[in-house]
1. What are the residues in the stretch 28-57 that are surrounded by fewer than 13 Cβ atoms within 10 Å (Cβ to Cβ) and assigned to a loop (DSSP other than H, G, I, E, B), if any?
2. Considering only the stretch 143-167, state which residues are crowded, with 24+ Cβ neighbours inside 10 Å and in a helix (DSSP H, G or I).
3. Provide a single number: the residues in the stretch 12-52 that are basic (Lys, Arg) and either touching a residue at least 24 places away in the same chain (Cβ under 8 Å) or touching a His at 6+ places or on another chain (Cβ under 8 Å) (or both).
4. For the stretch 74-140, which strands (runs of 3 or more DSSP E) that fit wholly inside it have 1 or more residues that are surrounded by fewer than 16 Cβ atoms within 10 Å (Cβ to Cβ), within 16 Å of the ligand (Cβ to nearest atom) and not assigned by TED's automatic domain parsing to the domain that holds Gly11?
5. Taking the condition of being more than 13 Å from the ligand (Cβ to nearest atom) and either more than 22 Å from Val214 (Cβ to Cβ) or polar (S, T, N, Q) (or both), how many residues in the stretch 146-165 meet it?
6. Please go through the stretch 25-39 and give me each residue that is more than 11 Å from Asp13 (Cα to Cα) and either aliphatic (A, V, I, L, M) or outside the structural domain of Ala55 (by TED's automatic domain parsing) (or both), ordered by number.
7. I'm told Pro178 meets every condition in (1) within 21 Å of Arg80 (Cα to Cα); (2) surrounded by 15 or more Cβ atoms within 10 Å (Cβ to Cβ) except one. Can you identify the failing condition by its number?
8. Name the residues in the stretch 192-213 that are part of a loop (DSSP other than H, G, I, E, B) and at negative phi, would you?
Amino acid sequence: MVAERVDFVVGVDAHRDEHALALVEAASGALLAERRVASDGGGYAQALRFAQEQAAGARLWALDGAGHYGAGLARYLSERGETVLEVGPGTGYYSLDVARWIGPAGTLHLFDLQQEMLDHTMRRARAARLENVEPRQGDARELPYEDATFDAGFLVAVLGEIPDQARALSELRRVLRPGGRLVVGELAGDPHMVTGRALRERGERAGFRFERRVGPRFGYFAALRRD
Ligand SMILES: C[S@@+](CC[C@H](N)C(=O)[O-])C[C@H]1O[C@@H](n2cnc3c(N)ncnc32)[C@H](O)[C@@H]1O
């Protein structure tokens with residue numbers, strides 16, 4: 001797990017004109033500090049100072065492109081060598097980081113309704129020389145995988161787009177091994193956003209235990225576990 005290797009994670013949410021930084025304690029997932037810096041040389045110097053001031057002498061890991069939400073995701077999907085399923089990767093915003101975290105001994109299976117999304121993400125994976133990514137096209141209401149195939153699964157800004165969420169959650173439960181983790185990310189501004197409360201209810205009805213959520217009210221990552 002990340003917490004055994006580092007003390008803090010700095011999530012860097014990169015934008016065109018400025019980057020948002022968030023310092024998260026690896027063991028608890030608690031958000032400790034936030035800072036915005038310009039996306040130029042001066043900003044990077046400020047980012048370095050932010051990390052030095054906030055976590056002097058500690059073991060740090062910076063995670064690009066995912067902000068503090070991504071740091072929460074990392075805590076749950078960071079076992080090396082695991083077999084992980086991502087439903088609805090889209091253009092692969094989270095996919096390449098997860099493929100790197102699980103390492104060459106692990107496999108990230110990408111499953112999306114749209115073949116062009118899979119093609120796009122696979123092109124990015126090949127360009128990044130990642131060979132542990134396996135694409136498959138289909139509908140999350142019927143997952144083409146054997147029972148108990150995966151150690152973990154995740155979907156970000158996807159659940160609300162699926163017409164039968166109960167069916168998709170029950171399929172996800174089926175393909176996870178007992179004890180397997182499911183991370184669901186939902187982001188503010190998404191017209192299909194599923195609230196934390198709705199996710200908890202639907203997840204529990206599908207047979208998951210709701211473990212925790214990180215993030216503010218309008219955007220979050222939640223971790224559920226298949227007992
Ligand atoms: C809003 S995008 C999210 C992309 C990515 N997870 C992210 O956070 O940037 C939703 C993705 O879910 C996929 N999707 C929607 N309904 C699906 C379904 N029933 N089965 C599988 N994938 C689905 C879409 O094709 C699209 O790639």
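The values are calculated or read from the model by the stated rules, or taken from the named source; none is laboratory data. As the structure is a computational prediction, the values presented were derived from the model and not from experiment. Note that we place each Cβ from the backbone using ideal geometry, even for glycine, and neighbour counts take in every protein chain shown.
1. Ser28, Ala30, Asp40, Ala56, Gly57, listed by residue number.
2. Leu159
3. Count: 1.
4. Of the strands (runs of 3 or more DSSP E) lying wholly inside the stretch 74-140, those with at least 1 residues that are surrounded by fewer than 16 Cβ atoms within 10 Å (Cβ to Cβ), within 16 Å of the ligand (Cβ to nearest atom) and not assigned by TED's automatic domain parsing to the domain that holds Gly11 span 133-137.
5. 4
6. Within the stretch 25-39, Ala26, Ala27, Ala30, Leu31, Leu32, Ala33, Ala38 qualify.
7. Pro178 satisfies all of (1) within 21 Å of Arg80 (Cα to Cα); (2) surrounded by 15 or more Cβ atoms within 10 Å (Cβ to Cβ) except (2).
8. Once the filter is applied, which keeps residues that are part of a loop (DSSP other than H, G, I, E, B) and at negative phi, the stretch 192-213 yields His192, Met193, Val194, Thr195, Ala206.
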